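Enquirer: The structure is given below, and queries will be raised subsequently.
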Amino acid sequence: VAGPAAAPAPAAAPAAGKRIVGITSCPTGIAHTFMAAEGIEQGARALGHTAKVETQGSVGSQNTLSAEDIAAADIVLIAADTNVDLSRFVGKRVFMSGTKPAIGDGKALVAKALAEAAVHGAAPTGPRDLAAEVAAEKAARAAQRSGPYKHLMTGVSYMLPFVVAGGLLIAIAFALGGIYVYDDAHKGTFAQALFTIGAKNGFALMVPILAGFIAYSIADRPGIAPGAIGGMISGAIGAGFLGGIVAGFLAGYTVDFLNKNIKLHRNLEGLKPVLILPLLGTTIVGLLMIYVIGQPVAAALAALTAFLKGMQGANAVALGAIIGLMMAFDMGGPVNKAAYAFSTGLIASADNAVYGPMAAAMVAGMTPPLALALATKLFADRFTHDEREAGNAAFVLGISFITEGAIPFAAKDPFRVIPALMVGSAIAGMISMGVGCELKVPHGGIFVLPIPNAVTNLLGYVIAIVLGTLVTTALLRILKKPIEA
């Protein structure tokens, strides 16, 4: 008689559970986004791991990953068919995939991710790269933004290409056809065609884009249409960029409220982002802009424009000083961006624009990195070897109007460097406003100066840059102490 069957060998102990965080996203943001998330979560559980997946769907991000979630994670699994911002995951092991593998076999995808994930954004070795430091600082600041400031800056960042392209085309049109290029005498000319593209189309889209992407920052894609349409209404009734800002926030918070409070059956959820939220949001925002908000905002913008256009003498100099101080205070941070957004908004109304503050903002923003670049050459004993090398990059960033080029220097010696930068930028802004300089485009540094009519009073503008730079350089010489060998 056969003996009792041998007992089965004990199963191998499962590997210690891993913490997985992930993001899923698809172009429509409706079905595949959530199916992929479910596949990752089920696959992780089947392997004895835990997973938290952020879904970036058409109604916004859900189950959002916190900084603590990311810090505690062993790997980051991205299953997306759209571009996903990876700035939050620098230094973490990251694995990239489309949504299909997560939907088809989440367990296999998780296993593959655990085996093949690679560290994202590992610190480079070699010589210091100031441009890379500036880019990293911008990404870090963008990640730290929150609340209304974040939403406003999102709108401004999407609006800027329209302002730059439109402004440059208008300047080129003036250079080719004169300042009356828009009249009937120039009908059919190449110059008038450029003016039409820049002024009648590029500038016409600026306020709707500003409003649409403020709303997008708040309520994700369903907010774009109500925000952009509210921005169009703002332009039509003369409320300009102020009305666009109001319309953007109104649309964003309205759509966000509707999204959170309208509950539908799961099978009908797909109607919310493409039908219900845009329709209701646009109706509410449009009616409020026409009947309630638009006219008071238009009156406020008209009063502000008249005040700024009438500024002369001491008032203009004082505004230039304030803009200069703000531009240099945190070199690309919230205070700098507030001054920049204010100045950019004033040139966004093609028919009633004010260009003086934009000129002051750019000259004041160029001065800090230019001064530091000059100081590292003239007073090398006050800077480390790395800083002297970084001075070359700071010069390039300065002439390109990237104020953040001064950040690495200020971070190492803030109590000496920042006051010097602020004084020089204030003087540059004062000179620019005082002599009546105007700038028709919001960016470009010295590369826009040769374009006829892009800058008015070009000589005064160059003098403002030079004097602001020299003052800051002199102050750096006085305030910074020689580096001990």
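Enquirer: Convert each backbone phi in segment 165-174 into a coupling constant with the Karplus relation 6.51 cos²θ - 1.76 cosθ + 1.60 (shift: θ = phi - 60°), then list the ³J(HN,Hα) values in order as whole Hz, x for Gly and Pro.
Expert: Couplings: 4, x, x, 5, 5, 5, 4, 5, 4, 5 Hz.
Enquirer: Let me ask you something else. Quick check: residue separation of V462 and I483 times 0.36 nm, minus the Cα distance between them. What number comes out in nm?
Expert: 4.3 nm is the gain from fully extending V462 to I483.
Enquirer: If you roll a 1.4 angstrom probe over the protein chains with everything in place, what fraction of the accessible area of segment 255-323 belongs to carbon and sulfur, to the nearest %?
Expert: Percent of accessible area from carbon and sulfur atoms in segment 255-323: 69.
Enquirer: Ordered by residue, what ³J(HN,Hα) values in Hz, to whole numbers, does segment 68-76 give under the Karplus form 6.51 cos²θ - 1.76 cosθ + 1.60, where θ = phi - 60° and Gly and Pro are x?
Expert: 5, 4, 5, 4, 7, 6, 7, 9, 10
Enquirer: In terms of the Cα gyration tensor, with a ≥ b ≥ c the square roots of its eigenvalues, is segment 398-485 rounded because a/c is under 1.5, prolate because a/b exceeds b/c, or oblate?
Expert: Working: a/c = 2.86, a/b = 2.01, b/c = 1.42.
Prolate, since a/c reaches 1.5 and a/b exceeds b/c.
Enquirer: Continuing with the same structure: Which order do peptides 165-172, 49-56 fall in by mean Cβ count within 10 Å, highest first? Before the final figure, lay out the partial values.
Expert: On the way: 165-172: 22.8, 49-56: 20.5.
Put in order of decreasing packing, that is 165-172, 49-56.
Enquirer: Can you give the direction-averaged projected area of the convex hull of the alpha-carbon atoms in segment 364-440, in nm²?
Expert: That works out to 5.1 nm², a quarter of the Cα hull's surface.
Enquirer: Let me ask you something else. Within the chain, what percent of beta bridges assigned by DSSP are antiparallel, to the nearest 5? All intermediate terms of the calculation are to be shown ahead of the outcome.
Expert: Details: 7 of 23 bridges.
About 30 percent, rounded to the nearest 5.
Enquirer: What Kirkwood Rh does segment 200-246 have if only Cα atoms enter the pairwise 1/r average? Answer in Å. Mind dumping the intermediate values first?
Expert: Numbers: mean 1/r = 0.1009 Å⁻¹.
With all distinct Cα pairs of segment 200-246 included, I get 9.9 Å.
Enquirer: Taking +1 at the Cβ of each Lys and Arg and -1 at the Cβ of each Asp and Glu, which of A300, P357, G248 sits farthest along the dipole of the chain towards its positive end, judged by Cα position relative to the Cα centre?
Expert: After comparing all options, I get G248.
Enquirer: On alpha carbon coordinates alone, what is the Rg over Rh value for segment 72-120, Rh being the Kirkwood radius?
Expert: Value, to two decimals: 0.95.
Enquirer: Another question, if that's okay. Could you give the radius of gyration (one decimal) and Dmax (whole number) of the Cα atoms in segment 237-371, in Å?
Expert: Rg and Dmax of segment 237-371, Cα atoms, are 19.8, 65 Å.
Enquirer: To continue, here is another question. Between the helical axis of 356-378 and the dominant principal axis of the chain, each derived from Cα atoms, what acute angle in degrees is found, rounded to the nearest 10?
Expert: The angle comes out near 80 degrees.
Enquirer: Roughly what angle does helix 203-219 make with the longest principal axis of the chain, taking Cα atoms, 0 to 90 degrees, to the nearest 10?
Expert: On a 0 to 90 degree scale, this one is about 30.
Enquirer: Something else: Can you return the lysines within cross-link range of K107? Criterion is Cα-Cα under 22 Å, with same-chain partners fewer than 8 residues away left out.
Expert: Of all the lysines, those that pass the test against K107 - Cα under 22 Å, at least 8 places apart if same chain - are K18, K52, K92.
Enquirer: For the chain, with every protein chain kept in place, what is the accessible area per residue (1.4 Å probe, Å²)?
Expert: 46 Å²
Enquirer: Under the rule a/c < 1.5 gives rounded, and otherwise a/b versus b/c splits prolate from oblate, where does the chain land using the Cα gyration tensor?
Expert: oblate
The values are calculated or read from the model by the stated rules, or taken from the named source; none is laboratory data. The structure presented is a predicted model; accordingly, all values stated were derived computationally and were not measured. Virtual Cβ from ideal backbone geometry, glycine too; neighbours counted across all protein chains shown. Quick note on the areas: whole protein, heavy atoms, side chains included, nothing else; ligands and nucleic acids left out. Shrake-Rupley method; radii C 1.70, N 1.55, O 1.52, S 1.80 Å.
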